[in-house]
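Chemist: Can you read through this structure? Questions will come right after.
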Amino acid sequence: MKKEEVKLQKNVLAKNDEIAMEIREVLAAKRLLAVNLLSSPGSGKTTLLEKTIEALGSKIRLGVVVGDLQTERDADRIRRTGATAVQIETGGACHLDARMVAAALQRLELDSIDVLFIENVGNLVCPASFDVGDDFTVVLISVTEGDDKPAKYPTAFRKADLLIVNKIDLIPYTNFSLERFKVDAGKIKPTLDILEMSCITEEGLEGWFEWLQEKMEHKKQAPR
């Protein structure tokens, strides 16, 4: 029985990877940067996107695919900024997969987008296992979650190209140790870049904007 389960899982992931590669080829042809955002619920993904659109929306055309189990509340928040957002209601699935994202892309005018954000379902476990055709994966952690997340959920941190520590303005009111957090994250992926910020006070946001613009420009200059 266990062998059959392993085989089924391998087949599912293989098909997912095939679709993810097709997505990547489409986006590469259009030189469109895709960023996959992973976090626990309430870490601040949607707020980060709102701040990003507010700051860069006049310079960069942004589109968002939003994943949630139910409701379009986060997508509605994005739409109120003026950016394009497509909601995926997974109906119970704890992650987005490449098939879902490919379907959502059919509802977007990709030629009018420079950067596509994939706001994954709030979860540090399942989303880390599924390639969704992105160029970069950004993991967002808030200090209110505790500093033990890298040790507990290493797969997500191993997958990350950038790690954002959000809500640093709340550190004095928690027992969160930034030093301990960084040590644990470094053990999992020594080359992982880490940004510290607060989306509410806007401290550290400039570093995120610079990172994003740099990756976008590099994608624009890449050969088709």
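The values are calculated or read from the model by the stated rules, or taken from the named source; none is laboratory data. Since this is a predicted model, take the numbers as computed values, not measurements. Glycine gets a Cβ as well: all are built from the backbone with ideal geometry, and neighbour counts include every protein chain shown.
Chemist: Can you tell me which of LEU140, LEU162 is closer than 25 Å to MET100 by Cα and without any contact (Cβ under 8 Å) to a residue 60 or more places away in the chain?
Modeler: The unique qualifying residue is LEU162.
Chemist: Just checking, how many residues over the range 81-98 are under 13 Å from the mean Cα position of the chain (by Cα) and either surrounded by fewer than 20 Cβ atoms within 10 Å (Cβ to Cβ) or free of Cβ contacts under 8 Å to residues at least 12 places away in the same chain (or both)?
Modeler: Result for the range 81-98: 1.
Chemist: Looking at the structure I just gave you, is LEU192 surrounded by 17 or more Cβ atoms within 10 Å (Cβ to Cβ), touching a residue at least 40 places away in the same chain (Cβ under 8 Å) and not β-branched (Val, Ile, Thr)?
Modeler: no
Chemist: Please indicate, with yes or no, whether at least one residue in the range 53-63 is within 18 Å of ILE164 (Cα to Cα) and within 13 Å of the chain's Cα centre (by Cα).
Modeler: no
Chemist: Please find, among ALA128, ALA75, the residue that is in a helix (DSSP H, G or I) and more than 30 Å from VAL183 (Cα to Cα).
Modeler: Of ALA128, ALA75, the one residue that is in a helix (DSSP H, G or I) and more than 30 Å from VAL183 (Cα to Cα) is ALA75.
Chemist: Another one. Within 25 Å of ARG31 (Cα to Cα) and part of a helix (DSSP H, G or I): is that true of GLU206 in this structure?
Modeler: Judged against the criteria, GLU206 is a match.
Chemist: Counting only residues that are surrounded by 12 or more Cβ atoms within 10 Å (Cβ to Cβ) and either in contact (Cβ under 8 Å) with a residue 60 or more places away in the chain or of a type in the set (A, V, I, L, M) (or both), how many does the range 205-224 have?
Modeler: So the answer is 8.
Chemist: From the residues in the range 42-59 that are outside any helix (DSSP H, G or I) and modelled with pLDDT of 95 or more, which one is farthest from SER112 (Cα to Cα)?
Modeler: Applying the filter and picking the extreme gives SER43.
Chemist: Can you tell me which of VAL101, VAL115 is under 17 Å from LYS215 (Cβ atoms) and either surrounded by 22 or more Cβ atoms within 10 Å (Cβ to Cβ) or touching a Gly at 6+ places or on another chain (Cβ under 8 Å) (or both)?
Modeler: It is VAL115.
Chemist: Restricting to the range 156-177, count the residues that are more than 26 Å from GLU214 (Cα to Cα) and either among the basic types (Lys, Arg) or assigned to a helix (DSSP H, G or I) (or both).
Modeler: The qualifying residues number 5.
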